[in-house]
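**Student:** Just passing along the structure, written as structure tokens.
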């Protein structure tokens, strides 16, 4: 397995500007990710290039500068704000004589640290193995040694690399089967809620937008919430009752981020299924963020990727206390609430969220009663 960064590692960050928009915000996000992973940031190496270098990603001159920076700052790991190819990562590790972690590897490490539930741990392990599978290509000299024997050790002449790949495939298959069973269980629970006319609502949004704080406010729960990236990984569901309405199952999902690794999106499919099958999505946005429009676009991109673009969505502009906005709501051309301004921290505007849930609940129930079978009865 790869060496993963551990808490307290001294790190040098590396970021290359290829002329894309949002470079500074992406670099700041990398710093937050490194801090979230428990790293001690010693220095940042930046550069500009028209395209990545095939061998070192940053070019030989910048790679030498990085090597000197690692040595002078006594840092153990170089953290790249980009995804590296397996060969680029190996070439850099040989040149730098230090560990090299790309953006995907860093996010996977954070997820591994934060996953608490059995399902969450399975999902993270699957994502890590999917990422590792692309790195099992002559990565170490011991992989070139021939191993004979039978059974677990492999057949005659089977290389260690082939054995590693085979064991990895077996474990990936086991994880997929376990997650498929959990997904089936979730499906049964959702069908039970549908029969009871219980509306399902999922909180989605960019990481650190305040989803868990809003979740705690609405449900009076104690879900962990902090001013850091990926404070919550495991989907948590609670039932709440809307005044003059009925029961609602509210789910707090994992936060999204720019360039969210595809392996994570795929691995967390069972969890993100809550968003796909929801009756309503509350898209929580940090109203005070200067790049909130870009963050909204990133979240919608992931929602489309997982097949949740068809679910009705209400934009919840959170942290209005920091943005200098007043609580309020806006409606679309059909009279439905489409945007709400709140502060989950202070509680301002929460009654508007409940009003939104109540109105959507009434519309949903009216539609379901028209189309439901005779055995469907309200709770």
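**Student:** Given the residues 310, 360, which is the only one that is out of contact with any strand residue (DSSP E or B) (no Cβ under 7 Å at 6 or more places or on another chain) and under 17 Å from residue 201 (Cα atoms)? Quick ask: steps written out before the conclusion?
**Tutor:** Details: 360 fails: out of contact with any strand residue (DSSP E or B) (no Cβ under 7 Å at 6 or more places or on another chain).
Just a single option satisfies the conditions, and that option is 310.
**Student:** Whether any residue in segment 145-167 is over 18 Å from residue 256 (Cβ atoms), modelled with pLDDT of 75 or more and part of a loop (DSSP other than H, G, I, E, B) is what I want to check. Reasoning before the result, please.
**Tutor:** Residues of segment 145-167 over 18 Å from residue 256 (Cβ atoms): 145-167.
Applying the additional criterion that residues be modelled with pLDDT of 75 or more yields 162-167.
From what's left, part of a loop (DSSP other than H, G, I, E, B): none.
Within segment 145-167 (the criterion being over 18 Å from residue 256 (Cβ atoms), modelled with pLDDT of 75 or more and part of a loop (DSSP other than H, G, I, E, B)), the answer is no, since none of the residues qualifies.
**Student:** For segment 113-125, which positions are under 12 Å from the mean Cα position of the chain (by Cα), part of a helix (DSSP H, G or I) and more than 12 Å from residue 36 (Cα to Cα)?
**Tutor:** 120, 123, 124
**Student:** Okay, next question. Is one or more of the residues making up segment 317-326 closer than 22 Å to residue 275 by Cα and modelled with pLDDT of 95 or more?
**Tutor:** yes
Residue-by-condition table, conditions (1) surrounded by fewer than 21 Cβ atoms within 10 Å (Cβ to Cβ); (2) modelled with pLDDT of 85 or more; (3) in a strand (DSSP E or B):
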| position | (1), (2), (3) |
| --- | --- |
| 194 | yes, no, no |
| 197 | yes, no, no |
| 208 | no, no, no |
| 212 | no, yes, no |
| 217 | yes, yes, no |
| 223 | yes, no, no |
| 228 | yes, no, no |
| 232 | no, no, no |
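**Student:** Okay, moving on. Among the listed residues 43, 67, which satisfies the condition of being assigned to a helix (DSSP H, G or I) and not assigned by TED's automatic domain parsing to the domain that holds residue 253?
**Tutor:** 67
Rundown of residues vs (1) assigned by TED's automatic domain parsing to the domain that holds residue 23; (2) at pLDDT 95 or above; (3) not in a strand (DSSP E or B), yes/no style:
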position	(1), (2), (3)
289	no, no, yes
297	no, no, yes
309	no, no, yes
330	no, yes, no
333	no, no, yes
338	no, yes, no
353	no, yes, yes
362	no, no, yes
367	no, no, yes
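**Student:** Also, I was wondering about something else. Can you tell me which residue within segment 270-295, out of those that are free of Cβ contacts under 8 Å to residues at least 40 places away in the same chain and within 28 Å of residue 126 (Cα to Cα), is surrounded by the most Cβ atoms within 10 Å (Cβ to Cβ)?
**Tutor:** Among them, the one singled out is 272.
**Student:** Is it true that residue 38 is surrounded by fewer than 17 Cβ atoms within 10 Å (Cβ to Cβ), in a loop (DSSP other than H, G, I, E, B) and touching a residue at least 40 places away in the same chain (Cβ under 8 Å)?
**Tutor:** So residue 38 passes the test.
**Student:** Return yes or no: is residue 115 surrounded by 21 or more Cβ atoms within 10 Å (Cβ to Cβ) and touching a helix residue (DSSP H, G or I) at 6+ places or on another chain (Cβ under 9 Å)?
**Tutor:** Considered against the rule, which asks whether it is surrounded by 21 or more Cβ atoms within 10 Å (Cβ to Cβ) and touching a helix residue (DSSP H, G or I) at 6+ places or on another chain (Cβ under 9 Å), residue 115 comes out as no.
For every residue, the table says whether it meets (1) farther than 22 Å from residue 132 by Cα; (2) buried (at least 23 other Cβ atoms within 10 Å of the Cβ).
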{"site": "33", "(1), (2)": "no, yes"}
{"site": "46", "(1), (2)": "yes, no"}
{"site": "60", "(1), (2)": "yes, no"}
{"site": "66", "(1), (2)": "yes, yes"}
{"site": "71", "(1), (2)": "yes, no"}
{"site": "76", "(1), (2)": "no, no"}
{"site": "90", "(1), (2)": "no, no"}
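**Student:** Please pick out the residue among 178, 183 that is in a helix (DSSP H, G or I), farther than 30 Å from residue 350 by Cβ and modelled with pLDDT of 85 or more.
**Tutor:** Every option except 178 fails the conditions.
**Student:** If you don't mind, another one. Of (1) at pLDDT 95 or above; (2) outside any strand (DSSP E or B); (3) within 25 Å of the chain's Cα centre (by Cα), residue 5 satisfies all except one. Which?
**Tutor:** Every condition holds for residue 5 apart from (1).
**Student:** I'd like the full set of residues that are in a helix (DSSP H, G or I), touching a residue at least 24 places away in the same chain (Cβ under 8 Å), touching a strand residue (DSSP E or B) at 6+ places or on another chain (Cβ under 9 Å) and more than 19 Å from residue 259 (Cα to Cα), limited to segment 89-111.
**Tutor:** 90, 91, 92, 96
The values are calculated or read from the model by the stated rules, or taken from the named source; none is laboratory data. Predicted model only: the values in this text are computed from it and were never measured. As a convention, Cβ positions derive from the backbone with ideal geometry for all residues, glycine included, and neighbour counts pool all protein chains shown.
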